[in-house]
Amino acid sequence: MTGLPAAVRGRVVAEALRRREPSIPTGAHARAFAEAFAGLDALLRDLSSEEWATQVVHDWDVQQTVVHLMAGDGAVCAAAGVPEAIRLPPYEGPFASMQHFGGPVGEWEGRSRYIMARHHGRPYRMSWHAWRAQARSLLKCRAARERDETPVQYAGRILPLADAYLARGFETWLHADDIGRAVGRRFPEPSPEPMALLVELGVATLGLLKSQIGAVLVIDGPGAVTAALGSGETSAELRLSSSDFCRLLGGNRRVDEIDVEVHGDPATAAAALAAVASLAIL
């Protein structure tokens, strides 16, 4: 395939990824993770060493983005009964009860920084294989097959373990898409059933918004739903696809990069989109 023109090669790889089925059977809550894992693993296998050094997001190259995903996956390892690829050190300094790597304040960014530092300078294949082995273990364990309600501290929130698996599918898909765009490959969207669950998780996340905006989101496609932002009189209605909603919420696309049909007050609509985008943690 390396002899094909870049544009043709990108289309061939994109179609292969779209058709690729996850090789590990899981419950519905882990299906998005399994699909994204299978697709990203295939994409990474196709990259050249030069492409691994391509800048993706947040000044991270492909290798650093994969390590960031591995760090996030590691947040659910303990609850799932799976050894983490790199164990985080205990934090014993001031405010240890609330600001350690596993705590609600420092856990998310702290664990990513630490694991990235541990992988700095390593060959990209070591990072890829470490991510791959840890993710496969998470997808092959019982918690991926059977819904588990064990509470997990995840990105400053407490989620059931099953929802944390869903969140890992969300982030893996969107960062895999980031990688695909950076290296000129299209990455497929989740299939309809997992996409509907991602939308459901995303709508639940909207409850974190503190402001009362007075807008309604009408989400079309898998998981179609109408969700209110705030209470009281509605002055704007925004219609967008399941994919664009998830991409905006995940920080994978800017407001000006998604298709939104707006009815009502433009200022309220703009405030609503900005509020949704502000929740992005990827």
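Just add up the charged neighbours of GLU146: K/R +1, D/E -1, any other residue whose Cβ is under 15 Å from the Cβ of GLU146.
+2
At 1.4 Å probe size, with the rest of the protein present, what percent of the exposed accessible area of the range 144-205 is carbon and sulfur atoms?
On the range 144-205, the fraction of accessible area on carbon and sulfur atoms equals 51 percent.
With every protein chain present, what accessible area does VAL262 have (1.4 Å probe, heavy atoms only), rounded to the nearest 10 Å²?
VAL262 exposes around 70 Å² with every protein chain in place.
Among the DSSP beta bridges whose two residues both lie in the range 181-282, what percent are antiparallel, rounded to the nearest 5?
Here the antiparallel bridges make up roughly 60 percent for the range 181-282.
Relative contact order for the range 169-282: what percent, with Cα pairs under 8 Å and sequence separation of 6 or more? Intermediate results must be reported in sequence, preceding the final value.
On the way: 177 pairs, mean separation 27.6, N = 114.
The normalised contact order for the range 169-282 reaches 24 percent.
In nm, to one decimal, how far is the modelled label at LEU279 from the one at ARG147, with both set 7 Å along Cα→Cβ?
Calculated label separation equals 2.0 nm.
How much of the accessible area of the range 210-282, probe 1.4 Å, is carbon plus sulfur, in whole percent?
Ligands and nucleic acids excluded, carbon and sulfur reach 51 percent.
The values are calculated or read from the model by the stated rules, or taken from the named source; none is laboratory data. All of these numbers come straight from a predicted model, not from anything done at the bench. Cβ atoms come from the backbone with ideal geometry, glycine included; neighbour counts cover every protein chain shown. Note: areas computed on protein heavy atoms with side chains; ligands, DNA, RNA excluded. Shrake-Rupley method; radii C 1.70, N 1.55, O 1.52, S 1.80 Å.
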